[in-house]
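Here, each number is a calculation from the coordinates, and none is a lab measurement. Treat the numbers as computed from the prediction; the structure is a model and nothing was measured. Reconstructed Cβ throughout: ideal geometry from the backbone, glycine too, with neighbour counts over all protein chains shown.
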Amino acid sequence: MRVRVVDPPAYTPPYDHALCAALAAAGAEVELVTSEFRHGPRPEPIGYALNDHFYRVGGPLPVKLAQHPLDMLRLRRLPKTDVTHFQWLPIQAIDRHLLPKGPTVLTAHDVIPREPRPGQLGALGKTYNSVDAVVVHSRHGRDVLIEALDVEASKVHVIPHGVFEHLTKVPNPKPLPPEFAAVEKPVVLQFGLMRPYKGIDLMLEGFAAADPDAELWLAGAARMDTEVLKKLTRDLGIEDRVRWVERFIGDDELGAYFERADVVALPYRQIDQSGVLFTALAFGKPLLLTRVGGFSEIADDHGAALAVAPDDLTAIARGLTELLGNPDERAKLAAAAGALAQGEFAWSSIARRTLGLYSSLA
């Protein structure tokens, strides 16, 4: 089967790579069509072809937006495939009119925008209904598409997000910076782009109220005003126990942060699923999650995380205290993470299910 996986803005290189490599290993002929990833090195293709088709002129966002419709039209002129699987369609109002001929699939990584622009939800619902199938990563995501966006139920297919095991085997990994490597206390890690919906303020207040003497590491490029958060850190009296890394952290260095962490925390206010979660599972890390989106399914269905109520500072503090103070519980969660990486959330399993979906369309 010939498959074209398309991620125009290169929003999810780790996911693109893992999916394409797994599909290729399962016998498909796969091409990843995307754009240059400007934040750092990306994984080398394994068994699939890589085509930086989009935004070749480069430039700031307005220049890319001007190129996008033309690049979507050029996509139609590429050699025919059995299925085209979009990971992102960034301009919903026009992209649904520019889809290539033949069966099309769209993965709803962000099931519904957290801060939708006027008219965006309507356009998004029409986009989902314009493709032949929509992949979501949780039952929660499926329900949202059907109930909130009126997407045809028969089009929505739940296929789990895979565990990013390839991130544990990166060639020439970089060590921690010396000041981080010297830390002897237990470490709580919150990793990834810093955005308001990720509840960093909740993490700071919950961490301040937790019992164990530990450090909190906040690592990832800032997409919000972190000075407000740093003031909160000072007001809480924990400035000496919080370390900040406000930049993009590439695949070759993220492993050092995850390997060192005793607990990975995702106190999000809103999400369906998260690549950070599936990175933490790959490294066998105990997880503290809030009960939002598909996070609850990781805890309740698979026992691979401790889930607490969102926006509940007491519950976050209690969860941190429990995990940091209980090595047996951390080991139990780590074992559950390892079982998922080898079982339902293994990319070989996901490739089989995805190819089954493709076959039903082709």
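May I ask you to list the trypsin sites (Lys or Arg not before Pro) in the stretch 206-263 that are in a DSSP loop and have at most 13 other Cβ atoms within 10 Å of their Cβ?
Sparse-neighbourhood loop trypsin sites (Lys or Arg not before Pro): ARG223, ARG247.
What percent of all Cα-Cα pairs in the stretch 171-342 falls into each 10 Å bin, going from 0 up to the bin containing the maximum distance?
Percent of pairs per bin, in order: 10, 42, 39, 9, 0.
Most fluctuating residue of ALA182, ALA93, ALA339 in a GNM of the chain with Cα springs under 10 Å: which is it?
The residue that fluctuates most here is ALA182.
What are the lysines whose alpha-carbon lies under 17 Å from the alpha-carbon of LYS80, with same-chain residues fewer than 8 places away excluded?
Within the straight-line limit of under 17 Å, LYS80 reaches these lysines: LYS101.
Relative contact order for the stretch 131-233: what is it in percent, counting Cα pairs under 8 Å that are at least 6 residues apart?
Once divided by the residue count of the stretch 131-233, the mean separation gives 23 percent.
Quick one: divide the alpha-carbon radius of gyration of the stretch 186-278 by 2.2 N^0.38 Å and tell me what you get.
1.01
Counting other Cβ atoms within 10 Å, which trypsin sites (Lys or Arg not before Pro) in the stretch 55-117 have at most 13 and lie in a DSSP loop?
ARG56, ARG76, ARG77, LYS80, LYS101, ARG114
How are the Cα pair distances of the stretch 5-113 distributed, in percent, across 10 Å bins from 0?
All Cα pairs, binned at 10 Å, distribute as 13, 49, 34, 4 percent.
What do you get for GluC sites (Glu not before Pro) in the stretch 218-261 restricted to DSSP loop and a cutoff of at most 14 other Cβ within 10 Å of the site's Cβ?
Filter output for the stretch 218-261: GLU246.
Give the relative contact order (percent, whole number) for the chain; include only Cα pairs under 8 Å separated by 6+ residues.
Once normalised by length, the contact order is 16 percent.
Considering the stretch 310-362, what Rg and Dmax in Å follow from its alpha-carbon atoms?
Here Rg and the maximum Cα pair distance are 18.0, 53 Å.
Compute the projected area of the convex hull of the Cα atoms of the chain, averaged over all viewing directions, and report it in nm² to one decimal place.
17.5 nm²
Eigenvalues of the Cα gyration tensor times 5, then square-rooted: what semi-axes does that give for the stretch 224-319, in whole angstrom, largest first?
23, 19, 13
Kindly put GLU205, GLU29, GLU165, GLU115 in sequence by how many other C-beta atoms sit within 10 Å of each C-beta, fewest to most.
The order, fewest Cβ neighbours first, is GLU115, GLU29, GLU165, GLU205.
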